[in-house]
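Values in this text are rule-based calculations from the coordinates and carry no lab data. Because the structure is predicted, anything quoted here is derived from the model rather than measured. All Cβ positions, even for glycine, are placed from backbone atoms using ideal geometry, and neighbour counts span all protein chains on display.
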Amino acid sequence: MIVRSFKEIEGTDRHVKSASGTWESKRIVLAKERVGFSVHETILYAGTETHMWYANHIEAVVCTQGDAELTDRETGQTYHITPGTMYLLNGHERHTLKVKEDFHCICVFNPPVTGREDHDENGVYPLLTEPEEV
């Protein structure tokens, strides 16, 4: 059994800040736990716009605080995301999140991330893995 809090991972290697400066993420469950998914508490900052495309992952996002506009860049459809709203990127959709008010969310990734990922020039997280245990 693993018990930990988001508070205790602040400032550790599990607390990742994007190179773009648009978000930070506390990754409470990672690939090294070997449970088949990862869980993150992420904050995207007000006034920012982040282009993402999880070509290698499925992501579910639940907004817990804030206000943002989600655009599916493949269809052009937009969604207003507020607390209590979930979106699931089950088709590897290219998407943009335009943040009106600091956007706090809980994210689940499959396959799990290692904690070292950041978006590349296409908005993609590389598919990183942990070494097999011997």
Identify which of Thr42, Thr12, Thr50 has the largest mean-square fluctuation in a Gaussian network model of the chain, with springs joining Cα atoms closer than 10 Å. Thr12
Please report the equivalent ellipsoid semi-axes of the chain, computed as sqrt(5 x eigenvalue) of the Cα gyration tensor, largest first, in whole Å. 24, 17, 13
Which lysines have a Cα lying under 22 Å from the Cα of Lys7, excluding residues fewer than 8 positions away in the same chain? Lys17, Lys26, Lys32
For region 19-70, give the magnitude of the charge dipole about the Cα centre (Cβ charges: +1 Lys/Arg, -1 Asp/Glu; no others), in debye to the nearest 20. 360
Sequence ranges 69-75, 26-32, 55-61, ranked by mean other-Cβ count within 10 angstrom, highest first: 26-32, 55-61, 69-75
Which residues qualify? For Arg94, with a placed amide H closer than 5 Å and at least 5 residues away or on another chain, they are Arg73, Glu74
Taking the chain as a Gaussian network, Cα atoms linked when under 10 Å apart, which of Arg14, Arg94, Arg34 shows the biggest mean-square fluctuation? Arg34
HN-Hα J in Hz across region 46-63 - Karplus 6.51, -1.76, 1.60, θ = phi - 60°, x for Gly and Pro: 3, x, 9, 9, 10, 9, 9, 7, 8, 5, 10, 9, 9, 10, 10, 10, 10, 6
Full extension between Glu74 and Glu24 adds, at 0.36 nm per residue less the Cα distance, a length in nm of 15.4 nm
Between region 80-94 and region 15-78, the alpha-carbon center distance in angstrom: 10
Among Val99, Ala68, Ser38, whose Cα sits farthest toward the positive end of the charge dipole of region 19-110 (+1 at Cβ of Lys/Arg, -1 at Cβ of Asp/Glu, about the Cα centre)? Ser38
Picking from Asp13, Asp67, Asp102, which is most flexible by a Gaussian network model of the chain using Cα springs under 10 Å? Asp13
Please give the FRET efficiency for Asn110 paired with Asp67, using the beta carbon to beta carbon distance and R0 = 30 Å, rounded to the nearest 0.05. 0.65
